[in-house]
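The values are calculated or read from the model by the stated rules, or taken from the named source; none is laboratory data. Just so we're clear, the structure is a prediction, and the values are computed from it rather than from any experiment. Here the Cβ positions follow ideal geometry from the backbone for every residue, glycine too, while neighbour counts run over all protein chains shown.
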């Protein structure tokens with residue numbers, strides 16, 4: 001990992017290599033609201049590390065906030081369960097435009113190992129539009145930081 005005070009790696013490319021579309025950019029600093037829709041908490045551990053002293057996502061302009069009304073970015077983890085369907089929709093509606101929804105982890109992207117479980121409705125993009133995905137079970141903190149850097153362009 002190296003020293004925490006080492007220089008930041010170069011900023012990510014401005015276009016998505018897989019589809020040629022520009023990144024969802026809010027530029028500068030963003031406020032991030034995390035929403036757990038029904039995960040095993042593996043992704044939450046990694047999200048916690050992202051905002052801790054080692055990976056320090058705040059140095060790239062991403063800061064956690066407690067209210068979706070103050071957020072620019074929603075980090076959504078886990079499959080969408082029946083009980084979290086309406087809270088997720090309300091959270092997205094409460095987040096002002098422009099907003100970016102980032103699905104974190106295989107469960108949020110595809111349903112993962114819980115895809116056919118009782119009470120599971122599906123992946124996040126089955127319920128709300130997703131702008132960016134971070135694959136992995138759980139994804140490495142570096143991948144989550146890279147996604148946030150794509151949003152902030154820092």
Residues (assigned to a loop (DSSP other than H, G, I, E, B), in contact with a strand residue (DSSP E or B) (Cβ under 6 Å, 6 or more places away or on another chain) and farther than 13 Å from residue 40 by Cα) located in region 100-127: 119, 127
For residue 150, state whether it is touching a strand residue (DSSP E or B) at 6+ places or on another chain (Cβ under 8 Å), assigned to a strand (DSSP E or B) and either at pLDDT below 95 or surrounded by fewer than 18 Cβ atoms within 10 Å (Cβ to Cβ) (or both). no
Whichever residue in region 128-147 is touching a residue at least 60 places away in the same chain (Cβ under 8 Å) and not in a loop (DSSP other than H, G, I, E, B) and, among such residues, is nearest to residue 95 (Cα to Cα): 132
Only listed residue being part of a strand (DSSP E or B) and surrounded by fewer than 18 Cβ atoms within 10 Å (Cβ to Cβ), chosen from 59, 63, 69: 63
Could you pull out the residue among 120, 113, 104 that is surrounded by fewer than 15 Cβ atoms within 10 Å (Cβ to Cβ) and in contact with a helix residue (DSSP H, G or I) (Cβ under 9 Å, 6 or more places away or on another chain)? 113
Give the residue, chosen from 94, 66, 49, 108, that is modelled with pLDDT of 90 or more and within 12 Å of the chain's Cα centre (by Cα). 108
If I ask for residues that are closer than 22 Å to residue 41 by Cβ and in a loop (DSSP other than H, G, I, E, B), which ones from region 79-99 would you list? 79
Give the residue, chosen from 135, 129, 139, that is crowded, with 19+ Cβ neighbours inside 10 Å and closer than 28 Å to residue 27 by Cβ. 139
Verdict on residue 28 being assigned to a helix (DSSP H, G or I) and either surrounded by fewer than 17 Cβ atoms within 10 Å (Cβ to Cβ) or at pLDDT 95 or above (or both): no
With the requirement that a residue be without any contact (Cβ under 8 Å) to a residue 24 or more places away in the chain and within 11 Å of residue 145 (Cα to Cα), what does region 32-80 give you? 51, 58
